[in-house]
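The next block holds one structure in the form of structure tokens; read it before the comments.
The values are calculated or read from the model by the stated rules, or taken from the named source; none is laboratory data. Treat the numbers as computed from the prediction; the structure is a model and nothing was measured. In this analysis, Cβ positions are derived from the backbone assuming ideal geometry, glycine residues included, and neighbour counts consider all displayed protein chains.
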Amino acid sequence: MKITVGIVDDHQLFLKSLGLMLSGFDNYTVTIEALSGKELQQKMQVTEILPQIILLDVNMPVMDGVETASWLHTHYPDIKLVALSVNDTDKAIISMIRAGCCAYLLKDIHPNELEKALDEINIKGYYNADAILIIGVCLCMRIKMIPCTLQIRKNNFCNLPSWK
């Protein structure tokens, strides 16, 4: 049986294209597409098949990703929420994780990596491609090698502040 997925993104071309791509994956089918958190709320109340995973844009008008994730986490706690954005700031990532997301993916992700991420989210309940780097950050903090900078992706750095 296929895993059901919902997509919430205010850019219609991206929303429809992502839906088509996900439908092309062997194990996934898209059951809900919405252009905003408000539209998603309306569709969730009338749908017969709830998505098991929802991909959420962070920056949307009307009801942004954080508000939408918080609402979903409260009303549908069994649905796995995944932030999907071009925004890779610490504030955005932390806000979405705190709101209930189990993963944060960037929109420039390769389709094969997206499918792998969805598989892991479905099986493990979370996905973190940079888990080994997080361990490295923790080790740097433990042995007081602060500030510690790690390159997570090409041209994307995670800088830790100095600790006193």
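Just a few scattered comments:
- Residue match in region 36-58 (condition: at pLDDT below 95, assigned by TED's automatic domain parsing to the domain that holds L72 and of a type in the set (G, A, S)): no
- When region 1-12 is limited to residues that are within 16 Å of D119 (Cβ to Cβ) and in contact with a helix residue (DSSP H, G or I) (Cβ under 6 Å, 6 or more places away or on another chain), the one that is surrounded by the most Cβ atoms within 10 Å (Cβ to Cβ) turns out to be V5.
- Evaluated against (1) assigned to a helix (DSSP H, G or I); (2) at pLDDT below 95, D108 falls short on exactly one condition, (1).
- Candidate set: region 77-96, residues that are among the aliphatic types (A, V, I, L, M) and outside any strand (DSSP E or B); chosen: the one modelled with the highest pLDDT: I79
- Taken as a whole, the condition of being out of contact with any strand residue (DSSP E or B) (no Cβ under 8 Å at 6 or more places or on another chain) and part of a helix (DSSP H, G or I) applies to E67.
- Residue count for region 67-86 satisfying the condition of being more than 11 Å from the chain's Cα centre (by Cα) and more than 19 Å from L22 (Cα to Cα): 11.
- For region 13-46, the set of residues classified as more than 22 Å from A117 (Cα to Cα), loosely packed, with under 14 Cβ neighbours inside 10 Å and touching a strand residue (DSSP E or B) at 6+ places or on another chain (Cβ under 9 Å) consists of Q42 only.
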